1. Just to be sure I understand the filter: pairs with C-beta atoms under 6 Å, separated by 6 or more residues or on different chains, first member in segment A:107-125 and among the β-branched types (Val, Ile, Thr), second member assigned to a loop (DSSP other than H, G, I, E, B) and buried (at least 20 other Cβ atoms within 10 Å of the Cβ). Which pairs pass?
2. Only one of these conditions is not met by B:Arg24: (1) surrounded by fewer than 24 Cβ atoms within 10 Å (Cβ to Cβ); (2) over 12 Å from the mean Cα position of the chain (by Cα); (3) not aromatic (Phe, Trp, Tyr). Which number is it?
3. If I filter segment A:1-42 down to residues being in a helix (DSSP H, G or I) and among the β-branched types (Val, Ile, Thr), which single residue comes out as modelled with the lowest pLDDT?
4. Of the residues in segment A:96-124, how many are more than 28 Å from B:Ala208 (Cα to Cα) and surrounded by fewer than 16 Cβ atoms within 10 Å (Cβ to Cβ)?
5. Only one of these is within 27 Å of A:Gln207 (Cβ to Cβ) and among the aliphatic types (A, V, I, L, M): B:Val144, B:Val176, B:Val165, B:Val87. Name it.
6. Scanning segment B:173-205 for residues that are in contact with a Cys (Cβ under 7 Å, 6 or more places away or on another chain) and closer than 22 Å to B:Ala56 by Cβ, which turns out surrounded by the fewest Cβ atoms within 10 Å (Cβ to Cβ)?
7. Identify all residues within segment A:33-68 that are within 20 Å of A:Pro98 (Cα to Cα) and open to solvent by 60 Å² or more (accessible area, probe 1.4 Å); write none if there are none.
8. Do any strands (runs of 3 or more DSSP E) lying entirely in segment A:156-235 carry at least 1 residues that are within 12 Å of another protein chain (Cβ to nearest Cβ) and free of Cβ contacts under 8 Å to residues at least 60 places away in the same chain, and which ones are they?
Number of protein chains: 2
Amino acid sequence: MNSEKLKIAVLGGTGNIGEGMVLRLALQNLMPEGMKNEIIIGSRSLEAANEAAEKALSELENCGFDTSSIKIIGMSNFEAAKASEIVILTIRFDHILPLLKEIRETLENKVLISPVVPMVKEGSLMAYRPPVEGSAALAIQKNVPESTRVVAAFHNIPAGKLKDVVKCKAVHDALVCSDDAEAKKLVMELTRHMGCLKPLDGGPLKQASTMESLTPLMINLAKLNGLKDLGINFS
Amino acid sequence: MNSEKLKIAVLGGTGNIGEGMVLRLALQNLMPEGMKNEIIIGSRSLEAANEAAEKALSELENCGFDTSSIKIIGMSNFEAAKASEIVILTIRFDHILPLLKEIRETLENKVLISPVVPMVKEGSLMAYRPPVEGSAALAIQKNVPESTRVVAAFHNIPAGKLKDVVKCKAVHDALVCSDDAEAKKLVMELTRHMGCLKPLDGGPLKQASTMESLTPLMINLAKLNGLKDLGINFS
């Protein structure tokens, strides 16, 4: 691998948000100011990871992009995290702690991005259900090495708009929280070139609970008010 | 008082948000589709309430509006609540429970609007500090008669923009939560004619915790990102 390129693992990159994230990250390689990267999709199944990588590449090709400078490969979650400098956890909260146990040793000094939202269905609406630590982000921080720099980001981004890389009319605000200033700056930079997001400094990691709780609220707003794929803007 | 007009008490109407709320409500009397109302500003001090009422009227006159159809008067909190059909609590959370004890008997069958946000300063940032009930709205509901219909609304509205009744460029989303469908509909209708707000159904009252926690987040976003008087939009 080219050492000048940022190696980014998208664990659970076979899911809905993971898929959009992979496409948006890959496209940065075609942008003069984008953050050049190599993407490693992680999954419990190597086969599923490889399939997701191939699917992402062919989607970009189908949109007419030149993918010769784009590298997307599949690995197991453990190998993907081990090979990367940034690890993104696009995984359901109830699978997070077992996964962190499995990959813990690979996370020393890494930037770990959590877009994780613990929520449950209550009747016809969604409800935020944070762990005792107060948020998924704080629970994650408690279960990784001290040198791991946890950043909370990408919670309030509509998957549908993220995946639609060609039509990109709306620019939504994207809040980024971390206790590590350098890691926060890196993730804000990564966000700035996602094509449809404007990063905002959301403050320290403990603010993540509000960002997380916004996701079920926005799902409910869409449902209750006949809207779709909601993003958020502060102005 | 004219019985066709909605009587609205703004308790704590001498404060920042209360002031903007009074102006926006009063202006509905000049709008063909606005909800015609009489406003009673409540305060611990009758003198302060009367002064706030006079100040609001003269501000509207100074802006050139014809105030002959507008009625804004001052009363004690108790009398204001007693005389009204809708009661708005624009008061700091730490004063809310003693006030509710004082005015409890006046609240039977009333619509009670809570824009209350329990928050504290932590270092240079604000932090949400909800009571054990989970939110100010739920704590309020626990401390009023069963017939009182609590509605959570007006948390995420920049006071500066609310008070500026003449310049009104931005239209922000305003979430409204309640367990009472009729009361929620009434408050959404009231919101629709505030001049700069678009009401969104936020679901049941327990969703208020997210709305409340957004306020300190938005204050922090403004501070951390060099912004001012932030509103929120979902799209």
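The values are calculated or read from the model by the stated rules, or taken from the named source; none is laboratory data. Predicted model only: the values in this text are computed from it and were never measured. No Cβ is skipped: glycine too gets one built from the backbone with ideal geometry, and neighbour counts run over all protein chains shown. Please note that ligands, DNA and RNA were not included when accessible areas were found on the heavy atoms of the full protein model with its side chains. Shrake-Rupley method; radii C 1.70, N 1.55, O 1.52, S 1.80 Å.
1. As it stands, the answer is A:Ile113/A:Ala153; A:Val117/A:His155, since those pairs meet every condition given.
2. (2)
3. Checking each candidate, the answer is A:Ile17.
4. Count: 8.
5. Result of the check over B:Val144, B:Val176, B:Val165, B:Val87: B:Val176.
6. Top of the filtered list is B:Gly195.
7. Across segment A:33-68, the qualifying residues are A:Arg44, A:Leu46.
8. Answer list for segment A:156-235: A:172-178, A:197-203.
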